[in-house]
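Single-structure report; data block below.
The values are calculated or read from the model by the stated rules, or taken from the named source; none is laboratory data. Owing to the predicted nature of the structure, the values given are computational and were not obtained by experimental measurement. Reconstructed Cβ throughout: ideal geometry from the backbone, glycine too, with neighbour counts over all protein chains shown. In case anyone asks, the SASA skips ligands and DNA or RNA and just uses the protein heavy atoms, side chains included. Shrake-Rupley method; radii C 1.70, N 1.55, O 1.52, S 1.80 Å.
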Amino acid sequence: MAKQDRAIRTRRAILTAAAKVFEERGYQAATITEILTTAGVTKGALYFHFQSKEDLAQGVLSEQDQRMVVPDRPSKVQQLVDVILLHAHRLQTDPMVRAGVRLSLDQQAKGLDRSGPFLHWGRIIGDLLEKAQAQGELLPHVVPSETADVIVGSFAGVQAMSQALSNYKDLPDRICALLRHLLPSVTLAPALAAVDLSPGRGAAVFAELAESLDQEELPAKAAG
């Protein structure tokens with residue numbers, strides 16, 4: 001078990017270093033050598049976990065959403081809002097998330113398949129919209145897959161604007177403004193009236209999930 005734990009910690013250290021370098025340099029300028037130096041691991045340790053720079057980048061892209069999952073809410077529109085605002089909060093606070101977003105929007109990243117995050121978020125948002133539709137929360141004309149693409153694309157544009165103008169400081173406010181414009185065109189008024197769209201919602205959801213993760217880890221620490 002100790003060997004497995006060590007391997008998990010090493011992999012995490014490599015990904016954290018890669019995220020830092022990718023965020024600072026971009027995909028093209030980042031080098032394996034700089035990632036090795038930042039991680040403080042041997043070349044053998046890195047190549048045990050990742051075969052190439054592209055493999056590292058894909059690891060960063062997929063790592064950002066492994067642990068933080070918003071639990072089911074009675075209102076699927078609220079759950080949708082919570083997912084989006086949580087991601088906005090994590091963009092402000094989590095280097096792994098920022099690096100993943102930079103990679104997914106990096107048009108200079110030749111040879112890197114950047115479609116994964118867009119398809120991933122499209123599925124998550126589309127699934128929540130389908131559930132909201134089944135519960136009678138959406139207007140009759142809504143096509144969930146189409147609306148999901150609009151939301152994902154709009155979020156990408158707004159976060160890029162926020163990064164350029166304020167280094168994400170105003171991102172929650174901008175995303176809330178986006179949702180206030182988009183949601184009335186797809187959501188029935190009674191369902192929308194009960195939704196919390198405040199800029200602090202993302203931080204509150206993050207705190208809720210962080211507490212539940214801490215509670216899950218307590219038994220494991222006690223057993224160790």
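What does the net charge come to around residue 144 if you take all other residues with beta carbon closer than 15 Å to its beta carbon, with K and R at +1 and D and E at -1?
Combined, the nearby Lys, Arg, Asp and Glu give -2.
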- Task: Please state, as a whole number in µm²/s, the translational diffusion coefficient that the Stokes-Einstein equation yields for region 1-127 at 20 °C and 1.002 mPa s, with Rh defined as the Kirkwood radius across alpha carbon pairs.
- Result: 138
- Identify which of the listed values of Cα extents along the principal axes in Å was calculated from the structure shown: (i) 58, 47, 29; (ii) 49, 45, 38; (iii) 55, 36, 33. (i)
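How much of the accessible area of the chain, in percent, comes from carbon and sulfur atoms when a 1.4 Å probe is used?
On the way: 6610 of 11790 Å².
Carbon and sulfur: 56 percent of the exposed surface of the chain.
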- Query: Among residues other than residue 78 whose Cβ falls under 14 Å from its Cβ, what is the net charge (Lys/Arg +1, Asp/Glu -1)?
  - Reply: -1
- Message: With +1 assigned to the C-beta of every Lys and Arg and -1 to the C-beta of every Asp and Glu, and no other charges, what is the dipole magnitude of region 91-142 about the Cα centre in debye, to the nearest 20?
- Response: 220
- Task: Could you state the accessible area per residue of region 79-224 in Å², with a 1.4 Å probe and every protein chain left in place?
- Result: 51
- Only helical DSSP H runs with n ≥ 4 go in: add -39500 (n - 2.57) per run for the chain, normalise by residue count and round the 222 nm mean residue ellipticity to 500 deg cm²/dmol. -23500 deg cm²/dmol
- Given 0.36 nm per residue, what is the gain on full extension from residue 173 to residue 193 after removing their alpha carbon distance, in nm? 5.3 nm
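Excluding same-chain pairs closer than 8 in sequence, count the lysine pairs in the chain whose Cα atoms lie under 17 Å apart.
So the count of such lysine pairs works out to 5.
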- Theoretical gain in end-to-end length, residue 118 to residue 34 [0.36 nm per residue, Cα-Cα removed]: 27.5 nm
- Mind telling me which of 209, 91, 61 comes out most flexible in a GNM of the chain, alpha-carbon contacts under 10 Å? 209
